[in-house]
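Read through the structure below, which is laid out as structure tokens, and then see the notes.
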Amino acid sequence: MSKRQIITIDGPSAAGKGSLARQLALFLNFSILDSGALYRSYAFFYNKDLCQDEIKNEIKDLIFIPEEDDTKILHKNIDITGSIRNEKIAKVASELSALSETRKSLIDIQRNFMLNKNLIADGRDMGTVVFPEADLKIFLDASPEIRAKRRYLELQNRDQEVNMRDLIEDIEARDLLDKTRALSPLVPADDSIIVDSSSMSLDEVLSFTKKLIKKEFNI
């Protein structure tokens with residue numbers, strides 16, 4: 001079998017990685033690995049007082065389905081998307097992701113995810129740690145204020161109450177934690193293409209990225 005093609009999209013919280021990854025997966029008919037959802041799912045099961053081995057077993061049953069407006073997260077055919085996409089779970093996931101035992105538990109699951117399928121993987125360390133062999137690596141960034149505004153609109157669309165000032169503070173705190181942690185800090189891979197989307201719409205980022213992909217994969 002020919003080598004599978006892998007595209008990684010890394011960047012800070014609320015930079016638009018998930019939206020870009022989802023649209024690219026639909027465009028290319030690639031499978032999708034939403035590592036943020038993976039860590040949120042880990043936090044979700046952690047909050048159920050499961051031990052680490054039990055959590056790993058539950059995580060293996062996750063399926064990610066990219067759709068136009070969101071990536072649906074299924075666990076044993078049950079949609080848990082709404083249960084993991086909230087700020088409470090996000091905070092727990094951020095804290096757990098800084099622990100070596102958490103990352104060690106999930107790295108093999110990520111590397112073997114949809115093993116025989118072409119893959120779009122988004123997260124914090126997809127291009128640096130999980131898939132250093134990726135064919136194309138993108139680091140998507142934006143200012144904290146712009147990212148907070150995007151997250152605010154996203155949560156409002158899910159009918160969740162949220163405060164803009166709190167969101168900015170949470171995003172800045174998460175940035176600091178992600179960038180300064182000893183294990184897999186948030187940094188662009190040396191061979192990544194950095195895209196600052198602060199003044200770009202999703203359509204503009206998508207159009208720019210599609211050009212990169214067409215050049216890389218000759219399509």
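Helical content alone sets the calculated 222 nm signal of the chain at -15000 deg cm²/dmol, taking -39,500 (n - 2.57) per DSSP H segment of four or more residues and averaging over every residue. For the stretch 1-118, a simple Cβ point-charge model (Lys and Arg +1, Asp and Glu -1, everything else neutral) yields a dipole of about 340 debye relative to the Cα centre.
Taking one quarter of the surface of the convex hull spanned by the alpha-carbon atoms of the stretch 118-188 gives a direction-averaged projected area of 5.9 nm². One chain, two ends: Q156 and D203. Fully extended at 0.36 nm per residue, the span grows by 14.8 nm beyond their Cα-Cα distance.
The calculated FRET efficiency for K91 paired with E216, based on their beta-carbon distance and R0 = 30 Å, is about 0.25.
A dipole drawn for the stretch 147-219 from +1 and -1 charges on Cβ atoms has a positive end, and of A148, L202, L177 the residue lying farthest that way is L202. With Kirkwood's inverse mean 1/r over C-alpha pairs for Rh, give me the Rg to Rh ratio of the chain, two decimals please. Over the Cα atoms of the chain, Rg/Rh equals 0.93. Placing +1 on each Lys and Arg Cβ and -1 on each Asp and Glu Cβ, with no other charges, gives the chain a dipole about its Cα centre of roughly 500 debye. What the Cβ-Cβ distance of R4 and D79 gives, at R0 = 22 Å and to the nearest 0.05, is a FRET efficiency of 0.20. Annotation for the stretch 14-44 versus the stretch 83-160: alpha-carbon center distance of 7 Å.
Quick note: the coordinates plus some simple rules give every number you see, no bench work behind them. As the structure is a computational prediction, the values presented were derived from the model and not from experiment. Ideal geometry is used to build each Cβ from the backbone, glycine not excepted, and the neighbour counts take in all protein chains shown.
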